[in-house]
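Below is one structure, written out as structure tokens; the observations come after it.
Coordinate-derived values only; no laboratory data. Small disclaimer: the values here were computed from a predicted structure and weren't measured. Because the Cβ atoms are built from the backbone with ideal geometry, glycine has one as well, and the counts that use them run over all protein chains shown.
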Amino acid sequence: MRIAVLVSGNGSNLQALIDTDLAQYNGQIVGVISNRPDAYALQRAQQAGIATAILVHQDFADRASFDEKMHAQLLHWNVDLVVLAGFMRILTADFVQLWRGRMLNIHPSLLPAYKGTHTHRRVLTTGDRLHGCTVHFVTAELDAGAAIAQGVLQVGPHDTADTLAQRVHLLEHRLYPLVVKWYCQNQVRLVDGQLMVHQQLMQQPVRYFYD
Ligand code: GRF
């Protein structure tokens, strides 16, 4: 399973995937694409000996031409699975369709709650007791594809947006490698738009509760 990771920033989720023994699950990260030349994630990839490509979105006339170039790079690497890990660009519907069922994202909330940004602050404002992260298939609608798995934590009375961000990040580093391993083992699939996990049709994501 040849995997490409798309990044824009720090890349701690990329690091968690690099630190996972994906080879044991027939997986390999073959390339990292960043739309930002200064993304620290690029250094992480280079240190791990992974090929990188920098595609600066401002260099392209429009979203479509940027996505076409990215698609060409993915084909060049012969990629089977695209993993979005802090990639801060909205993708065109055409690109998403080309990678339908073969592209994952991680989002810092218990989807469908809190799509978009500032999730931790919004959880506190609402007063939710539970928060976490979701790994989902990517569809053209933002943060709306089939949710595969969620890491769940309890919001404490002393939590702030910053502490929640740190705690959710730690969950992400456990959850994302797990789901990528499942994918590598053919344990996660979209079949006719329906989510299958471990050969079971899923109406809800698999949930893990962490302290
Ligand atoms: C994570 O919080 C993830 O949920 C969101 O972007 C952030 C990426 O963090 N999609 P990092 O670059 O992997 O550290």
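As a calculated quantity, the FRET efficiency between Leu201 and Ala144 at R0 = 25 Å, using C-beta atoms, amounts to about 0.85. Expected output is a single nm value to one decimal: the length gained when fully extending between Ile54 and Arg174, i.e. 0.36 nm times separation in residues minus the C-alpha distance. What is it? Working it through step by step, the gained length comes to 40.5 nm.
The ranking of His131, His71 by Cβ neighbour count inside 10 Å, starting from the fewest, reads His71, His131. Between Met103 and Val82, Val138, the built amide H atoms are under 5 Å apart, and every one of these is 5 or more places off in sequence or on another chain.
How far apart, in nm, are the 7 Å Cα→Cβ label points at Ala23 and Leu124? Using points 7 Å along Cα→Cβ, the separation is 4.3 nm. Sorted ascending by nearby beta carbons within 10 Å, beginning with the fewest, Val206, Val56 become Val56, Val206.
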